[in-house]
Amino acid sequence: MNNEIELMSNHKIAIGVSACLLGAKVRFDGGHKRNSYIDDLLSEHFDFVSYCPEVAIGMTIPREPIRLVNFSGDIRVRGSRNPDVDYSEQLSAYGNKVAGSLQHLRGFIFKKDSPSCGMERVKVYAENGHPERNGTGFFASEIMKQNPLLPVEEEGRLNDHVLRENFINRVFVYDRWIELAQSGISKSNLLDFHTRHKYLLLAHNQQVYRNLGRKLAALDGVNIDEFAQQYIADVMAVLKQRANRKTHVNVLQHLLGFLRSCLDGDDRAEVLNAIKAYGKGEYPLIVPITLLRHHFRRNPHHFVNRQVYLNPHPGELMLRNNI
């Protein structure tokens, strides 16, 4: 098996993924864990690069299952039936190798609960056999440690509509950032990036947005490259936070303010009612967003038209239809 599938095209964003989630029969029992949402829907919008750490280090198909074992604070990867067999160094070395070559990726989807690929809450067994869900897969750990900006998620958590939208949102933000960095970071394009993402950031944390704005306003004499590294680290960290109905309502009301002189009383009332209904949980976010898009198409506003918030990801993904 080829452990790294080549990108299918140059125009789609590339995301790493555990191979079994795409239907590859690489599991310990010779099976797979194909995820239809990932393989059917997301594959239409992203190029997947698949990885199976166990196969990559030479483990057979089928094979003995592995698990994390805690030896007095030292977590190891051992065979579940033959605990004398240790795969820790091999999996860490492979993870380290892959982690240093992911410049082409804009995100990674891991297999949950896996001793190699689990992102969090992987079972760790005590020597007496009692498990606790407090571990991280050895491969996933290296990927995340060496690529702290890279958006990561588990397929199980993608069943949560808010986490799903959050992950895809971060993938597109990270892709825009890489594009900016490749063009050469300057004070002007940093300010432009921050401005375009204003309402997206406000939906996650108003205070962080304002703090970043103050720092951007005082860039004279600051090393721009060092500042940019800290800036994007702060941006990606705040975007991990769940936006909620209250913060979205605040952003929607701000955007409606740009239409104050354009809408008659009935149109304005319709949008306000949709925003209020969303805030109460009666409508999904897509309803007030669609109304605002409609009115901004009829009444273009240069500042608002450049806001990522209104179109952060492809509409075909319908990510805001259920949040």
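Distance between Cα centroids, region 198-223 to region 111-178: provide it in whole Å.
28 Å
Summing +1 for each Lys or Arg and -1 for each Asp or Glu, what net charge is found among the other residues whose Cβ lies under 11 Å from the Cβ of ARG27? Don't skip to the end; give the middle numbers.
Working: positive: LYS25, LYS33, ARG34, ARG63, LYS111; negative: ASP29, GLU54.
Here the count lands on +3.
Just subtract the alpha-carbon distance of ARG268 and ASP220 from 0.36 nm times their residue separation and send over the number in nm, one decimal. Walk me through the numbers on the way to the answer.
Numbers: separation 48, 0.36 × 48 = 17.28 nm, distance 4.23 nm.
Gain in length upon complete extension: 13.0 nm.
From the phi angles alone, apply the Karplus equation (6.51, -1.76, 1.60; θ = phi - 60°) to region 194-199 and give each ³J(HN,Hα) in whole Hz, x where the residue is Gly or Pro.
Those phi angles translate into 5, 5, 5, 9, 3, 6 Hz.
Just subtract the alpha-carbon distance of ARG260 and ARG81 from 0.36 nm times their residue separation and send over the number in nm, one decimal. Please list the in-between numbers first.
Values: separation 179, 0.36 × 179 = 64.44 nm, distance 6.86 nm.
Stretched out fully, the ARG260 to ARG81 stretch lengthens by 57.6 nm.
When 1/r is averaged over all different Cα pairs and the result inverted, which Kirkwood radius in Å belongs to region 1-154? Walk me through the intermediate numbers first.
On the way: mean 1/r = 0.0636 Å⁻¹.
Roughly 15.7 Å, rounded to one decimal.
Treating only the Cα positions of the chain as identical point scatterers, give the base-10 log of I(q)/I(0) from the Debye formula at each q in 0.14, 0.15 Å⁻¹.
For the requested q values the scattering log ratios are -1.12, -1.21.
Each residue of region 83-100 in order: what ³J(HN,Hα) in whole Hz does its phi give by Karplus 6.51 cos²θ - 1.76 cosθ + 1.60, θ = phi - 60°, with x for Gly and Pro?
x, 7, 8, 10, 10, 4, 5, 5, 5, 5, 5, 5, x, 5, 5, 5, 4, x
Taking only Cα atoms and a 10 Å spring cutoff, compute GNM fluctuations for the chain and point out the largest among SER18, SER188, SER141.
Maximum fluctuation in the GNM of the chain, among the listed residues, is at SER188.
Using Cβ counts within 10 Å as a stand-in for footprinting exposure, how do PHE138, PHE28, PHE48 rank, fewest first? Write out the running numbers ahead of the final one.
Working: PHE138 29, PHE28 16, PHE48 22.
By the 10 Å Cβ count, ascending, the order reads PHE28, PHE48, PHE138.
With the convex hull built on the Cα atoms of region 160-323, state its orientation-averaged projected area in nm². Kindly include the intermediate steps, with their values, before the conclusion.
Working: hull surface 39.4 nm².
Computed as one quarter of the Cα hull surface, the answer is 9.8 nm².
Each residue of region 286-291 in turn: what ³J(HN,Hα) in whole Hz from Karplus with 6.51, -1.76, 1.60 and θ = phi - 60°, glycine and Pro shown as x?
4, 5, x, 4, 5, 4
How would you rank 269-276, 180-187, highest first, on the average number of other Cβ atoms within 10 Å across their residues? Walk me through the numbers before you get to the answer.
Numbers: 269-276: 17.0, 180-187: 12.9.
By packing density, highest mean first, the sequence is 269-276, 180-187.
Using amide H atoms built in the peptide plane, which far-off residues or other-chain residues are under 5 Å from VAL122 H to H?
Here the answer is ASN134, GLY135, THR136, since their amide H atoms fall under 5 Å of that of VAL122.
How far is helix 161-183 tilted off the main Cα axis of the chain, in degrees rounded to 10, range 0 to 90?
It works out to around 80 degrees.
Every number in this text was worked out from the coordinates using simple rules, so none of it is lab data. These numbers were taken from a predicted model, which means no experiment stands behind them. All Cβ positions, even for glycine, are placed from backbone atoms using ideal geometry, and neighbour counts span all protein chains on display.
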